[in-house]
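A quick write-up on the structure given underneath.
The values are calculated or read from the model by the stated rules, or taken from the named source; none is laboratory data. The model shown is predicted, which means the values in this text are computed figures rather than measured ones. All Cβ positions, glycine included, derive from the backbone under ideal geometry; neighbour counts span all protein chains shown. SASA here: full protein model, heavy atoms, side chains in, ligands and nucleic acids out. Shrake-Rupley method; radii C 1.70, N 1.55, O 1.52, S 1.80 Å.
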Amino acid sequence: MPEARLEEKKIKYDVRESERASRSRIDVDLDGVTVVIPKGRDLDPEEFLQDKKDWVLEKQKQMEDYWARIPEREFEEGETFPYLGESHELKISSENCFDVVEGQILIPEKKAEKLSIKEAIDELYRKKAREKVKEIIDQYSEKIDTDYDKLFIRNQKTKWASCSSKNNLNFNWRLMMAPEKVLEYVVVHELLHLKEPNHSKSFWTQLGEIMPDYRERREWLKENSPELVFSEEDVL
């Protein structure tokens, strides 16, 4: 992997040619730094990084801060995990109860033995995410006057949600760790995208009419996203 020195910092980076890109750009995310060059374009990647060094260094600092804020969790009984914005204690139950009840995350002992405890919690959060997302969709779909085809619940490293041209909706199960208001914002945001594919002025105007405080909800997600990670492997 090539390396560039930006001021006093050594930066490792990838170079990727893209047929879809219309101009050169630099992506800085949880995977690292990537210089994206339109296919057939002649560009010196290191010189491009030097030209954009202030922006690159700032973005990389943000990524380092993100990694530093990921909680160190122990996947064992007694550990606490956020669920819809509230702290819940993990309990391994001898009964066949796989649920979130009265401040507790209940995992059956047999399931914890068959899977790892982390895999069992992941499965429970995915199940709860599907139930909650469908509930919010039912609440808002008539108001937005739209409908979807299929619903997918996934663990996406960098996206909280997305929608496709086939009217399929994708949501990150880790949103179940956020307050319900934040989950509701993401669901409504994607539902509206089925009508308004782009972040146009019309899109934001309609979103504001449906959810006047969407900016506050969006800001919470932006500021607190590192806390919505079970472990680093979720975003690797």
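Contact map, segment 20-32: first residue under 9 Å from M63 (Cα atoms), second residue at pLDDT below 90, Cβ cut-off under 7 Å, separation 6 or more or different chains; pairs are D29/T158; L30/K157; L30/T158; L30/V235.
Once segment 162-180 is narrowed to residues that are in contact with a strand residue (DSSP E or B) (Cβ under 6 Å, 6 or more places away or on another chain), farther than 17 Å from E223 by Cβ and modelled with pLDDT of 95 or more, the residue that is surrounded by the fewest Cβ atoms within 10 Å (Cβ to Cβ) is N170. Can you pull out every residue in segment 1-53 that is closer than 23 Å to V235 by Cα, among the hydrophobic types (A, V, I, L, M, F, W, C) and surrounded by 13 or more Cβ atoms within 10 Å (Cβ to Cβ)? Of everything in segment 1-53, those that are closer than 23 Å to V235 by Cα, among the hydrophobic types (A, V, I, L, M, F, W, C) and surrounded by 13 or more Cβ atoms within 10 Å (Cβ to Cβ) turn out to be I11, V15, I26, V28, V33, V35, V36. Taking segment 83-103 as the search range and keeping residues that are of a type in the set (S, T, N, Q), more than 24 Å from the chain's Cα centre (by Cα) and open to solvent by 40 Å² or more (accessible area, probe 1.4 Å), which one is nearest to A129 (Cα to Cα)? My answer is N96. Among the residues of this structure, D122 does not count as one that is out of contact with any His (no Cβ under 7 Å at 6 or more places or on another chain), closer than 30 Å to M211 by Cα and surrounded by fewer than 15 Cβ atoms within 10 Å (Cβ to Cβ). I153 fulfils the conditions (1) in contact with a Leu (Cβ under 8 Å, 6 or more places away or on another chain); (2) surrounded by 14 or more Cβ atoms within 10 Å (Cβ to Cβ) except for a single criterion, (1). The number of residues in segment 63-76 that are loosely packed, with under 14 Cβ neighbours inside 10 Å and within 23 Å of E113 (Cα to Cα) comes to 3. If you filter segment 193-217 down to residues that are open to solvent by 90 Å² or more (accessible area, probe 1.4 Å) and in a helix (DSSP H, G or I), you find that the one that is farthest from K181 (Cα to Cα) is K201.
Restricting segment 135-154 to residues that are acidic (D, E) and free of Cβ contacts under 8 Å to residues at least 24 places away in the same chain, the residue that is farthest from W173 (Cα to Cα) is E142. Can you go through K222, K127, K157, K132 and tell me which one is in contact (Cβ under 8 Å) with a residue 40 or more places away in the chain and in a helix (DSSP H, G or I)? The conditions single out K132.
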